Structures are given as C-alpha cells and as structure tokens.
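Report on the structure given below.
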Amino acid sequence: KQEVTQIPAALSVPEGENLVLNCSFTDSAIYNLQWFRQDPGKGLTSLLLIQSSQREQTSGRLNASLDKSSGRSTLYIAASQPGDSATYLCAVSGSEKLVFGKGTKLTVNP
Amino acid sequence: DVKVTQSSRYLVKRTGEKVFLECVQDMDHENMFWYRQDPGLGLRLIYFSYDVKMKEKGDIPEGYSVSREKKERFSLILESASTNQTSMYLCASSSPRDGKDTQYFGPGTRLTVL
C-alpha cells in the first residue's frame, strides 16, 4: 500500500529565504506526483504536476523535482514571501486515485 | 478555468440525520472524488466515480454512500450522521483527457455533527 510522508510537518522561515519541502513515497510505481497548496479552511489548489517520466517542473518561484527510483520529491520555493504561508501537500497517483501526505505547514514571517 | 462547487461551506446536523453533500463541476470531467480531511490524518478517499452511475469505494467508505446521476454532479450521503463524521469534506474532479489527470478541488464543506 502506497504511503506518502512529508517532512517537516511545520516550518517557519523569515521572508526572503529560499526553502525546500520534502516528500517521500514507498512505491515507486507512480503515474504522477502533484504538489498542492491549502490555505486555512479552504480547498486545495494544484501547484505543480510531474509526470513519472519527468524529473522536474517549474512555475514562477516554485520548482518541484522527482526522483522516482528513490521515492522522493522536493518542492523548492525561492525568495519566500508572507503570502506563501499555507499548508503544502504532496500526492502521488498510481492510477486515477491520489494518495496524500499529511502536509507541511509553512509560515513565512515578515 | 475549472470550477468545482460544493453546496455548503458550513453545515451543522444532529446525530441520526440523513445528510446530503453536493458537488458540481463544470468541465465535463469523467472522474469525481469525495475526501474527508482530519487533523493528523490528512486527506482520505471516501468514494470516487469514473462515470455516470458508476462508483468505487475508497479507503474509508463505511457510513457513507454516493450518487452520480448526472456527469457534472456527485453527491455524498451520510445515511445516519454520527459525531465521528464531523470533518472537512472535499470534492474533486479530473479527466484523463487532459493528459495530466490533475485533480481540481472544491472549497470544502465543514460538517459538524452534534
């Protein structure tokens, strides 16, 4: 059974810092991996999707990498801003279903 | 833009009541999903559907049922609500036709069962 782990569970950084969020998964037979953002009390917004054949995806200040063989993904956020404060969720797909990690709660302090 | 809407943002019900949570998507997506999200447990899949009138159990279907009579609408039904069903409920949709299978989420319904 696929399991997804995100470390750390919470992270607090000063504004402007570059940071990395980690995601690991136990079964490397995945279809794709997604990173989501969730603001308090809200739904999820998809940030980046990496297909299993890809190594990374970039969107603005965000860069996500995927190493399928080692079961790891990282989300890199450059020049963090207070507006980046949210919970970031990683999810892997073996088919149409997603398996989620429990998220990393990020706080960016002004 | 894909839009997934849920019928209520907040809902308060009493133990034993029958509860309907509605989800509507406007992008002609084949796949629709219902999750619940609880602190410390993350998102867990309750039910999903690949097409009209089709449904598949997720990881925690007990105490829930679903209905998909139209492609754009996926309903989650709590036959007899219990306090342990107090949670945030999230609906999502996706389509294999977009080549990426990204799931798009609604804003969520926070259900409290008293």
Review point. For labels at A:Asp67 and B:Thr15 in the simple 7 Å Cα→Cβ model, what's the distance in nm?
Key: 5.1 nm
Exercise for review: Select from A:Ala64, A:Val13, A:Ala29 the residue farthest towards the positive end of the dipole of the range A:1-74; place +1 on Cβ of Lys and Arg, -1 on Cβ of Asp and Glu, and compute about the Cα centre.
Suggested key: A:Ala29
Study note, to complete from the structure: The set of residues whose placed amide H lies less than 5 Å from the amide H of A:Tyr31, leaving out same-chain residues fewer than 5 positions away, is A:Ser93, A:Gly94, A:Ser95
Review point. To the nearest 0.05, how large is the calculated FRET efficiency for A:Asn22 and B:Glu69 if R₀ is 35 Å and r is the Cβ-Cβ distance?
Key: 0.25
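If the only charges are +1 at each Lys and Arg Cβ and -1 at each Asp and Glu Cβ, what is the size of the charge dipole of chain A around the Cα centre, to the nearest 20 debye? Please report the intermediate quantities before stating the final value.
Details: 10 positive and 9 negative charges, 40 e Å.
Roughly 200 debye, rounded to the nearest 20.
With every protein chain left in place, what is the accessible area per residue of chain B in square angstrom, probe 1.4 Å?
Numbers: 5510 Å² over 114 residues.
About 48 Å² of surface per residue is accessible.
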Revision key, fill the gap. Interchain or sequence-distant (5+) residues whose placed amide H lies within less than 5 Å of the amide H of B:Gly58 are B:Tyr47, B:Phe48
Review point. For B:Asp59 and B:Arg44 in the same chain, what is the full-extension length gain: residue separation times 0.36 nm, less their Cα-Cα distance, in nm?
Key: 4.7 nm
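Cross-link list A:Lys42/B:Lys70; A:Lys105/B:Lys71; B:Lys18/B:Lys53; A:Lys68/B:Lys70; A:Lys68/A:Lys102; B:Lys18/B:Lys71: which exceed 29 angstrom alpha carbon to alpha carbon?
Numbers: A:Lys42/B:Lys70 26 Å; A:Lys105/B:Lys71 35 Å; B:Lys18/B:Lys53 21 Å; A:Lys68/B:Lys70 37 Å; A:Lys68/A:Lys102 20 Å; B:Lys18/B:Lys71 23 Å.
Pairs exceeding 29 Å: A:Lys105/B:Lys71; A:Lys68/B:Lys70.
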Check your understanding: Based on the Cβ-Cβ distance of B:Glu22 and A:Gln51, what FRET efficiency does E = 1/(1 + (r/R0)^6) give at R0 = 25 Å, to the nearest 0.05?
Key -> 0.20
Check your understanding: What nm distance separates the two modelled labels at B:Glu30 and B:Leu114, each placed 7 Å from Cα along Cα→Cβ?
Key -> 4.5 nm
**Study point:** Where the Cα pairs of the range B:22-102 fall when distances are cut into 10 Å bins, in %
**Key:** 19, 51, 26, 4
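The values are calculated or read from the model by the stated rules, or taken from the named source; none is laboratory data. Not measured: the values here are computed from a predicted model. Note: ideal-geometry Cβ built from the backbone for every residue, glycine included; neighbour counts use all protein chains shown. When the accessible area is computed, the model is the full protein with side chains, heavy atoms only, and any ligands, DNA or RNA have been set aside. Shrake-Rupley method; radii C 1.70, N 1.55, O 1.52, S 1.80 Å.
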